[in-house]
Structure formats: C-alpha cells, structure tokens
Amino acid sequence: MKKGTLKQILLVTDGCSNKGEDPVATAALAHQQGIAVNVIGILDDDQTEDPEGLQEVEDVALSGGGVSQIVYQESLAQTVQMVTKQAMTQTLQGFVNNELKQILGPKQTLEDLDPEKRGEVMEVVEDMGETCDLEVLVLVDTSASMYDKIETVKEALIDLSLSLNARIGRNRFSIFSFPGRRKDVELVFDWSPRLDEISSVFPKLTSGGITPTGPAIREAMYQFGKKGLLRSLRDEKSGMEEA
Amino acid sequence: MRNQAWKKHNIDIRPGTVIQGKWHKNSYLIKKKLGQGAIGTVYLCETNGKQAALKISEQGTSMTVEVNVLKALKKVQGNRLGPYLLDVDDWQITKHRKYSFYVMEYLQGESLPSFIKKNGMEWIGVFILQLLEDLENLHQSGWVFGDLKLDNLLVVASPPSVRWVDVGGTTQMGRAIKEYTEFYDRGYWGIGSRRAEPSYDLFALVMVLLEVFYPDRFSKSPNPEQTLFKKINGVKALRPYNSSLKKAILGKYQSSREMKRDITQILSSRQKRRRPKRDKNQVNILPFLIELGGILLLALSYYFSSLLF
Ligand SMILES: Nc1ncnc2c1ncn2[C@@H]1O[C@H](COP(=O)(O)OP(=O)(O)OP(=O)(O)O)[C@@H](O)[C@H]1O
Ligand SMILES: [Mg+2]
C-alpha cells in the first residue's frame, strides 16, 4: 500500500449555522472529494449535555465522513486530538474496507473477518495512521459567543500539533476563522508543520450573531483544492492522495 | 476527564448471562461487573471452572488494537507484563448486533493507595523498583506503556506485587503515544513530547506516586516544572527519592535501568546510614541481618524473583 496524505477539516463551533447553504450538504461534498469533516461543539459551562442547537454538529460530521464530539471547555484539548486520530483511523479503515471488498466480495468488511485476521489488518491500519502525512484545516467559529472560549481553542490547537507531531508521518496545519471581516472565512494561520506560534494571531472576534458554517466549509474545501484538486479528485473514493 | 467527554457505551450484562463466542465457541458465565472505562466494560466471568476477566465493547477497532498489544506482550514476557490473554471473539446477539470481547487473566487485587495505607510507606520503595523493573522489560521489548496511571495498576497478593491492567495506551517505541491521561502526560505539562520513549513512562511513574499522596490531583500553572517540584517536596514519604523523581520529571533518564540504579542506591545508603546509629556497640552480624530484613531485602527479593520469570 502506498503512503498517502489524509485531509481533514476540523470545525470548532459553539452553535448552529444561520447563514448560507446547508453545512450538512457542503460537508457531503467535501467528503466526496476525499476530505473528512470533523466537528467539535463546545458547550458553555452551564449548558446541559444534549442541547438541541448542537444536533448540527453530529449531522455535519456524519455526512462529512468525520467524527464529532460535544464537550465542555475543560476537555477540549484531549477531545480535539482524539477526534482527529479517530477520524484518521476511520478514513484508513474505509480505505481498507474498500480493498477487502475487492478481494473478498461486496459483503466483506473488517468486522466480518475472524479476530486473528482482523488483528493483522488493524496492524496495517495502525502503521498507516502512524506514517501517513496529514493535512488539517482548522475552521474556528469566531462569532461573538465564542469570546470566552478562544483562549481554550488556541491551547487545544497547540496541543493537537504536539500530539500529531509525535507521529512519524508529516503534518501540515492551517487555521481559518469564520465569519471573516469581509468574506465568509479569513486566513488566520497559513499552512505550516507546527502550530506553536499561533498564540498572538487570532483576529478580533466579530460581533453579531452570524454563523455561515456552510459557506465556510465550502471555502475550506477550495483552500485544499488550491493545492492539488485534480489529484484528490482522481482518488476521491479512498480519501488518499498518492504520494 | 476523558470519560466525561466521550460518548459512553454502556453495555450492561446481567450476572448469570452466558456469552458464547461466534468464532471459537467458548462459553463464559458472567459473574459481576469489575469496572468500566472509556472503551469497554470489564466483567468477572467463569469458564471451565476458572475465573477470568472479560472485556467487552462495541468499539471493535479499539478492542482489536488492545488485543494486538496483549498478543505482543505474551510473546516477549510470559505473564508478567499486563494480564495474560486467553481468548478473543465476537458475541453475536442478533443478526445485526455484535459486540467484540476478549478474555484475560483475572487480576484480583487492590489499589496502590489502599495497599500502602494498610501496609506502610516502606512499600513505596518496593513498588518503585518493581515498576521500574517491569518498565525496563517492556522497553527492552520495544514498547512503551503510555497510559500509566493509578487506575491502571493493581496490587495482587502473595507476594504483593504491582500488575498493570489496561494496555490501551501501550505503544511501539518511537511512535505517537496512543492513549494518555492529561495529569500523567508530560506533553500536557509542557515538559516533553508525546513520542513513545522510556522517559515518557518514567514521567508518568512519578505522577503515579504523586497521585497516591494528592488523590484529588492538582492542576497546571504557568510554571509547571516548579509546581511539580513543589508537590514532590511536599510529600514526606517521597523525600528520600526526591532527587531521582525530579530527574525523571525533567526527562534526564534515558532508561528505566538508570533510574533503578539511583533508587537502589538511595535505598541501600539509607540502610547504611541507619545502621551505625542503632548498633553502635555491636559487632554482631544479627542486627545487620534484621535490618536487611527491612526495605532493602524486600526490594532486592523482588528484584531477583522477577528475574526468574
Ligand atoms: N484483568 C483484569 N482483572 C481485574 N480487573 C480488571 C482487569 N481488567 C480491567 N479490570 C478493571 O476494569 C476497569 C476498566 O478496565 P479498563 O481500564 O481496561 O477499561 P477501559 O475502557 O480501557 O478504561 P480506560 O478509561 O481506563 O481506558 C479497570 O480499571 C479495572 O478495575
Ligand atoms: Mg483503556
């Protein structure tokens, strides 16, 4: 199996979208282009575990082929890295399942193998997760309600880069915020292998309650596309880009 | 913290239920629940008249990863490192509902703090040496424990020894630590990377000792190194090991063996220092032997008996 690059959008938000296209549909589109969409919903400390407004969090990740989680601020760092790693495993497993179907027939997935073979296959998946290259585009909701959460988000992102940079494979991160001042999204931090210098770079938060999640995901997709849309389209099913 | 953050996968199996594996057809009678974590639920069960622990979960992938570790440990070390793996299978409940499970040696024991409370502080030195010994074996076979924490340690009886449960974080040397708990993670404290190397476990080992004395844990400050040193200094029972523990926090040990050497030296010099005071006028060798019957002998006997396995 060839080494490849996994692509993920990591959406960090505390509410529901209210402007532009449906983010669930846009996430599906991203998924089809080989980009997994993960969503983290941040709860206010006085919020209960299952607020209705955050149903979108799960729906977007589900159609985006990613992983979602709703958390309180205190668990954000730990959650962000787990979601990212889980999504990597999920994508790689999907890739392996496709291969298995081709070899063993349409009904075969990893779960249908006997425990011994499953173990061997998982070892391969783990190896791939450790060695593959990874690109994460972080989309941070900077609407007014995020005011008291941005500091925690920054810390969690620095922590994420610490986790991922312990891997053998290479990483590239970039950060966009939405809504932007003039556009739907705004570049905060350009592609780089590390996130430790982001402390000072977050822009002032926008006031007002506009949350254009759908357009933001579309723009993120376009950002990935800028660097090799053709290649990822060629290999869209597997979510892997040949190195 | 993590349990709270993650979707709980509650699997409640009534005692008396018999679980039969889909592939290997072995049957297990569920006796009672032993514990529950982020990944699965662990039950005490009975099979062929013997007791065993059965871990069951919906997350087949995570289970498979753990089983792979247990298999690898089985190959390198017999049954010292982690519970011995007995069976791996699926439980097909209905056509569309399936759980993965594995069966392992049942480790009947108590927590480290409760053992130490009952049996005395001198056991701390013993357990440090024992853990270092096990870590050395593990590291030499190319693995790092990763999620080393109080919850994942049990003291089993006769002879009292520390055993590890939950190898979910056990990672091949040089890779990214698979699973960790923030309080025990040097990355969280800003003191090192999350790459699997011996010093990662040694940091966590010090945090294990600290949690014994600070059961409510404590949180990060702008100067984590200072906080940790202060906490170490604050425990009387850890005072003899202070210098070594601080070295481990700072990642100064490249291997468990180096740390073990320091700890052994500390233990034996304590013996020497005490002896002249009490037996000033005695030329008799007996008091010396009695003295040796204390910490050092305990420690050394563990050291040697562990070599036999
Ligand atoms: N072999 C065993 N013998 C006795 N008790 C066990 C055994 N394995 C696990 N346990 C008990 O079950 C609890 C949960 O097991 P374990 O830690 O493996 O679950 P987990 O889902 O991986 O949890 P964690 O959140 O710690 O990762 C343990 O804390 C321990 O008390
Ligand atoms: Mg575990």
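The values are calculated or read from the model by the stated rules, or taken from the named source; none is laboratory data. The structure presented is a predicted model; accordingly, all values stated were derived computationally and were not measured. Neighbour counts are summed over all protein chains in view; Cβ atoms, including those assigned to glycine, are modelled from backbone coordinates with ideal geometry. For the accessible areas, the whole protein counts, side chains as well, though only heavy atoms, and no ligand, DNA or RNA atoms are used. Shrake-Rupley method; radii C 1.70, N 1.55, O 1.52, S 1.80 Å.
Filter the range B:139-156 for residues that are within 11 Å of ligand 1 (Cβ to nearest atom), under 13 Å from B:G174 (Cβ atoms) and in a strand (DSSP E or B) and give the result.
Answer for the range B:139-156, where residues must be within 11 Å of ligand 1 (Cβ to nearest atom), under 13 Å from B:G174 (Cβ atoms) and in a strand (DSSP E or B): there is none.
Quick one: count up the residues across the range B:222-240 that are outside any helix (DSSP H, G or I) and more than 14 Å from chain A (Cβ to nearest Cβ).
The total comes to 3.
Name, by its number, the condition in (1) open to solvent by 20 Å² or more (accessible area, probe 1.4 Å); (2) away from ligand 2 (no atom under 16 Å from the Cβ); (3) out of contact with any strand residue (DSSP E or B) (no Cβ under 8 Å at 6 or more places or on another chain); (4) within 20 Å of A:L160 (Cβ to Cβ) that does not hold for B:G187.
(1)
Quick check on the range B:167-184. Is at least one of its residues more than 16 Å from ligand 2 (Cβ to nearest atom) and either farther than 30 Å from B:G40 by Cα or in contact (Cβ under 8 Å) with a residue 40 or more places away in the chain (or both)? Show your work before the answer.
Taking the range B:167-184 first, the residues more than 16 Å from ligand 2 (Cβ to nearest atom) are B:172-176.
Among the residues that remain, those that are also either farther than 30 Å from B:G40 by Cα or in contact (Cβ under 8 Å) with a residue 40 or more places away in the chain (or both) are: none.
No; the residues of the range B:167-184 include none that is more than 16 Å from ligand 2 (Cβ to nearest atom) and either farther than 30 Å from B:G40 by Cα or in contact (Cβ under 8 Å) with a residue 40 or more places away in the chain (or both).
Out of all the residues in the range A:121-130, which are more than 8 Å from every other protein chain (Cβ to nearest Cβ), surrounded by fewer than 20 Cβ atoms within 10 Å (Cβ to Cβ) and not hydrophobic (A, V, I, L, M, F, W, C)?
A:D127, the sole residue that qualifies.
If you check B:G21, B:G82, B:G49, which single one turns out to be on the phi > 0 side of the Ramachandran plot and away from ligand 2 (no atom under 16 Å from the Cβ)? Steps first, please.
Working: B:G21 fails: on the phi > 0 side of the Ramachandran plot; B:G82 fails: away from ligand 2 (no atom under 16 Å from the Cβ).
Selected residue: B:G49, the only one of B:G21, B:G82, B:G49 that is on the phi > 0 side of the Ramachandran plot and away from ligand 2 (no atom under 16 Å from the Cβ).
If the Cβ limit is 6 Å and pairs must be 6+ apart or interchain, which residue in the range B:203-227 that is under 25 Å from B:L129 (Cα atoms) pairs with which residue that is open to solvent by 40 Å² or more (accessible area, probe 1.4 Å) and at pLDDT 95 or above?
Between residues of the range B:203-227 that are under 25 Å from B:L129 (Cα atoms) and residues that are open to solvent by 40 Å² or more (accessible area, probe 1.4 Å) and at pLDDT 95 or above, the close pairs are B:L210/B:K231.
Kindly indicate whether any position in the range B:177-186 is under 13 Å from the mean Cα position of the chain (by Cα) and not hydroxyl-bearing (S, T, Y).
No, every residue in the range B:177-186 fails to be under 13 Å from the mean Cα position of the chain (by Cα) and not hydroxyl-bearing (S, T, Y).
Within the range B:169-180, how many residues turn out to be within 13 Å of ligand 1 (Cβ to nearest atom) and either surrounded by fewer than 22 Cβ atoms within 10 Å (Cβ to Cβ) or assigned to a helix (DSSP H, G or I) (or both)?
Of the residues in that region, 1 qualify.
For the list (1) aliphatic (A, V, I, L, M); (2) surrounded by fewer than 21 Cβ atoms within 10 Å (Cβ to Cβ); (3) within 12 Å of chain B (Cβ to nearest Cβ), I need the number of the one condition that A:L162 fails.
The number of the failed condition is (2).
Please go through (1) open to solvent by less than 40 Å² (accessible area, probe 1.4 Å); (2) within 16 Å of ligand 2 (Cβ to nearest atom); (3) within 14 Å of chain A (Cβ to nearest Cβ) for B:E58 and return the number of the only condition it doesn't satisfy.
(1)
Counting only residues that are modelled with pLDDT under 95 and not in a loop (DSSP other than H, G, I, E, B), which one in the range B:1-25 is least open to solvent (accessible area, probe 1.4 Å)?
Per the criteria, the residue is B:A5.
Given the options A:D127, A:D112, name the one that is among the acidic types (D, E), modelled with pLDDT under 90 and more than 28 Å from A:D184 (Cα to Cα).
Going through A:D127, A:D112 in turn, just one is among the acidic types (D, E), modelled with pLDDT under 90 and more than 28 Å from A:D184 (Cα to Cα): A:D112.
Does B:D134 satisfy being without any contact (Cβ under 8 Å) to a residue 60 or more places away in the chain and not hydrophobic (A, V, I, L, M, F, W, C)?
no
Any idea which residue in the range B:155-166 is nearest to ligand 2 (Cβ to nearest atom), counting only those that are in contact with a helix residue (DSSP H, G or I) (Cβ under 8 Å, 6 or more places away or on another chain) and either open to solvent by 10 Å² or more (accessible area, probe 1.4 Å) or within 14 Å of chain A (Cβ to nearest Cβ) (or both)?
Per the stated criteria, the residue is B:D166.
If we keep just the residues of the range B:196-218 that are among the aromatic types (F, W, Y) and open to solvent by 20 Å² or more (accessible area, probe 1.4 Å), which is farthest from the other protein chains (Cβ to nearest Cβ)?
If we take residues in the range B:196-218 being among the aromatic types (F, W, Y) and open to solvent by 20 Å² or more (accessible area, probe 1.4 Å), then B:F213 is farthest from the other protein chains (Cβ to nearest Cβ).
Looking at the range B:32-55, which of the residues that are more than 12 Å from ligand 1 (Cβ to nearest atom) and open to solvent by 40 Å² or more (accessible area, probe 1.4 Å) is farthest from the other protein chains (Cβ to nearest Cβ)?
The qualifying residue farthest from the other protein chains (Cβ to nearest Cβ) is B:G49.
Filter the range B:138-154 for residues that are open to solvent by 20 Å² or more (accessible area, probe 1.4 Å) and within 20 Å of B:E211 (Cβ to Cβ); which is farthest from the other protein chains (Cβ to nearest Cβ)?
Only one residue fits best here, namely B:L154.
When you check B:K252 against the structure, is it at pLDDT below 95, out of contact with any helix residue (DSSP H, G or I) (no Cβ under 6 Å at 6 or more places or on another chain), within 16 Å of B:G187 (Cα to Cα) and in the same structural domain as B:W143 (by TED's automatic domain parsing), yes or no? Steps first, please.
Details: at pLDDT below 95: no; out of contact with any helix residue (DSSP H, G or I) (no Cβ under 6 Å at 6 or more places or on another chain): yes; within 16 Å of B:G187 (Cα to Cα): yes; in the same structural domain as B:W143 (by TED's automatic domain parsing): yes.
Answer is no for this residue.
Might you let me know whether the range B:125-133 holds any residue that is within 16 Å of ligand 1 (Cβ to nearest atom) and aromatic (F, W, Y)? So that I can check it myself, show each step before the final result.
Quick first cut of the range B:125-133, residues within 16 Å of ligand 1 (Cβ to nearest atom) only: none.
Checking the range B:125-133: not a single residue is within 16 Å of ligand 1 (Cβ to nearest atom) and aromatic (F, W, Y).
Taking B:S193, is it at pLDDT 95 or above, more than 16 Å from ligand 2 (Cβ to nearest atom) and within 14 Å of chain A (Cβ to nearest Cβ)?
Yes; evaluated as a whole, the condition is true for this residue.
Counting only residues that are farther than 25 Å from B:I191 by Cα, hydrophobic (A, V, I, L, M, F, W, C) and assigned to a helix (DSSP H, G or I), which one in the range A:131-159 is nearest to the other protein chains (Cβ to nearest Cβ)?
A:M146
For the range A:15-120, give me every one of the helices (runs of 4 or more DSSP H) that falls completely inside it and has 3 or more residues that are open to solvent by less than 30 Å² (accessible area, probe 1.4 Å), under 22 Å from A:N165 (Cα atoms) and out of contact with any Cys (no Cβ under 9 Å at 6 or more places or on another chain).
Filter on the range A:15-120 gives A:76-104.
I'm trying to understand the selection: among the residues of the range A:165-198, which are within 14 Å of another protein chain (Cβ to nearest Cβ) and not in a loop (DSSP other than H, G, I, E, B)?
The answer is A:N171, and nothing else.
If A:K117 satisfies every condition in (1) within 11 Å of chain B (Cβ to nearest Cβ); (2) under 22 Å from A:Q33 (Cα atoms) but one, which is the exception?
(2)
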